[in-house]
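Data first, discussion second: the structure below is written as structure tokens.
The values are calculated or read from the model by the stated rules, or taken from the named source; none is laboratory data. On a predicted model such as this, the values are computed, not experimentally measured, just so you know. For neighbour counting, all protein chains shown are included, and Cβ atoms are generated from backbone atoms with ideal geometry for every residue, glycine included. Please note that ligands, DNA and RNA were not included when accessible areas were found on the heavy atoms of the full protein model with its side chains. Shrake-Rupley method; radii C 1.70, N 1.55, O 1.52, S 1.80 Å.
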Amino acid sequence: QLDPFYASIILFVGRAWDAITDPMVGFFISKTSWTRFGRLMPWIIFSTPFAVISYFLIWFVPDISRGQVMWYLVFYCIFQTLVTCFHVPYSALTMFISREQSERDSATAYRMTVEVLGTVLGTAIQGQIVGKVVTPCIESPLFIGKTNSSVAMEELNMTHDTGLLTDTRNAYMIAAGVIGGLYILCAVILSVGVREKRESSELQSDEPVSFFQGLKLVMNHGAYIKLIAGFLFTSLAFMLLEGNFALFCTYTLGFRNEFQNILLAIMLSATLTIPLWQWFLTRFGKKTAVYVGIPSAIPFLIMVAVLDSNLIVTYIVAVAAGISVAAAFLLPWSMLPDVIDDFKLQHPDSHGHEAIFFSFYVFFTKFTSGVSLGISTLSLHFAGYQTRGCSQPSEVNFTLNMLVSAVPVGLILLGLLLFKLYPIDEEKRRKNKKALQDLR
């Protein structure tokens, strides 16, 4: 029952705080001493229980008339910080379980397949549990006429019915409990089943490097900046599509009861095609995979905006989008270790910056997410979006069309143009591998 404006403020401040904590956590990890569990694993083990508690409290409705905004803001920021303490070392583990490029590429493919599968599972759990509680939409007086404004008030009062609110709150709490349990289960499997190899780990610097010195080193590495620049725009394209897809299905296409299934079709398609992209990049190279995989969704995004509303066409577009999403999920994480290898060759006396590379990569991903949220919220606000309305003005439908079609297509094309500057092709990658082996 919070005002949507306050909900947007909570999300924006939480994302901004999250962006600050990513490089900070990466720096502290790079200074962590070796333990019997490794250097990265203690961060994952000790952050997990607190992250689950804070996640549960995000979905809890406190019995206080004032201070709810502060409650959600505080626990959202705490949760984002604790997830960072999990995600940065988890991502960086790829560098510390093997020195072989092929083994790291394979580990990345497995990791991203299961991450997408986890997204499918989370979407299904949250959607199916919460979706069981029917929350009626609100007819706006703008659409039903001022003479019938009492009917609108009656609808509004009905949605505030205490019994319905209690059912909705309970549904969210159950979903949070199930997902929290999965979080703990997966963290246990990770901590028991994965071991860092001390000889692969180069986290400990020969000489202490300050946070800003480390930041300057990694941000002056040309290949890293070019990789980030290319994927910044393609990531923004897919986040805009993801963030507005439910509203697009509900209002523009008119499939109010289908969007959960359409979203599942996208994520299942992505899960099943990640192994295909792993084979493709091994066979034809990673840059080729970028140029083939990421723009493959463009014709289908144009199709869904141009053609009349059709459920079959929408599912076809969803599957095609999933194939492209798989490439966008896998390729950035598969290419980052190549950039770090290139950095090591250019700075052979500088060690221990792997976690900083990964943390800033996570930072830019979350920064893109925040930009996507801001663009979507402001665009829909100025278009006259009616919160939980049964229908929307034509300007909102036009805006949603732009946010899931024209804008993502433009961003993907811009990202691909920038990506032409990325210098590490397959020949360069093989030379770096040979040079690193000789150096060792």
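Cβ separations smaller than 6 Å between residues 6+ apart or across chains give the following pairs from segment 1-17 residues that are touching a residue at least 24 places away in the same chain (Cβ under 8 Å) and farther than 9 Å from Leu73 by Cα to residues that are open to solvent by 60 Å² or more (accessible area, probe 1.4 Å) and not in a helix (DSSP H, G or I): Pro4/Thr387.
When you check Lys344 against the structure, is it among the basic types (Lys, Arg), touching a Phe, Trp or Tyr at 6+ places or on another chain (Cβ under 8 Å), in contact (Cβ under 8 Å) with a residue 40 or more places away in the chain and closer than 30 Å to Lys216 by Cβ, yes or no?
no
A single entry from Trp34, Trp59, Trp71 fulfils the requirement of being open to solvent by 40 Å² or more (accessible area, probe 1.4 Å) and closer than 30 Å to Leu215 by Cβ: Trp34. For segment 45-79, a residue qualifies if it is part of a helix (DSSP H, G or I), under 18 Å from Gly181 (Cα atoms) and not small (Gly, Ala, Ser), and the qualifying residues are Ile45, Phe46, Thr48, Pro49, Phe50, Val52, Ile53, Tyr55, Phe56, Leu57, Ile58, Phe79. When Pro275, Pro295 are screened for being within 23 Å of Ser98 (Cβ to Cβ) and touching a Ser or Thr at 6+ places or on another chain (Cβ under 9 Å), only Pro275 passes.
At least 2 residues being among the acidic types (Asp, Glu) is the threshold, and among the helices (runs of 4 or more DSSP H) wholly inside segment 328-440 those reaching it are 426-439.
Looking at Val404, Val339, can you tell me which residue is more than 21 Å from the chain's Cα centre (by Cα) and surrounded by 21 or more Cβ atoms within 10 Å (Cβ to Cβ)?
Val339
Taken over segment 22-56, the residue count meeting the criterion of being out of contact with any helix residue (DSSP H, G or I) (no Cβ under 6 Å at 6 or more places or on another chain) and of a type in the set (Phe, Trp, Tyr) is 4. Among the conditions (1) of a type in the set (Gly, Ala, Ser); (2) open to solvent by 60 Å² or more (accessible area, probe 1.4 Å); (3) within 19 Å of the chain's Cα centre (by Cα), Ser309 misses just one, which is (3). Considered as a group, the residues in segment 343-381 that are open to solvent by 50 Å² or more (accessible area, probe 1.4 Å) and of a type outside the set (A, V, I, L, M, F, W, C) include one that is farthest from Arg429 (Cα to Cα), and that residue is His381. Taking each residue of segment 386-398 that is touching a residue at least 40 places away in the same chain (Cβ under 8 Å) and among the charged types (D, E, K, R) and looking for partners that are surrounded by 13 or more Cβ atoms within 10 Å (Cβ to Cβ) and assigned to a helix (DSSP H, G or I) with beta-carbon atoms closer than 9 Å, six or more apart or interchain, yields Arg388/Thr159. The residue that is surrounded by the fewest Cβ atoms within 10 Å (Cβ to Cβ), counting only those in segment 213-246 that are more than 14 Å from the chain's Cα centre (by Cα), at pLDDT 85 or above and among the small types (Gly, Ala, Ser), is Gly222. Residues in segment 1-57 that are among the polar types (S, T, N, Q) and either under 23 Å from the mean Cα position of the chain (by Cα) or within 26 Å of Ile174 (Cβ to Cβ) (or both): Gln1, Ser8, Thr21, Ser47, Thr48, Ser54. Before we move on, is Phe343 aromatic (Phe, Trp, Tyr) and touching a His at 6+ places or on another chain (Cβ under 7 Å)? The answer is yes for Phe343.
To keep it simple, each residue is scored yes or no on (1) under 30 Å from Phe284 (Cβ atoms); (2) open to solvent by 30 Å² or more (accessible area, probe 1.4 Å); (3) at pLDDT below 85.
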| residue | (1), (2), (3) |
| --- | --- |
| Thr84 | no, no, no |
| Tyr90 | yes, yes, no |
| Ile97 | yes, yes, yes |
| Thr119 | yes, yes, yes |
| Gly131 | no, yes, yes |
| Thr135 | no, yes, yes |
| Gly145 | no, no, yes |
| His160 | no, yes, yes |
| Leu164 | no, yes, yes |
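Scanning segment 36-44 finds one or more residues that are touching a Phe, Trp or Tyr at 6+ places or on another chain (Cβ under 6 Å) and either outside any helix (DSSP H, G or I) or among the hydrophobic types (A, V, I, L, M, F, W, C) (or both). The residue of segment 37-47 that is surrounded by the most Cβ atoms within 10 Å (Cβ to Cβ), among those that are touching an Asp or Glu at 6+ places or on another chain (Cβ under 9 Å) and of a type in the set (A, V, I, L, M, F, W, C), is Leu40.
Scan segment 245-261 and give yes if some residue there is more than 30 Å from Lys132 (Cα to Cα) and out of contact with any strand residue (DSSP E or B) (no Cβ under 6 Å at 6 or more places or on another chain), otherwise no.
no
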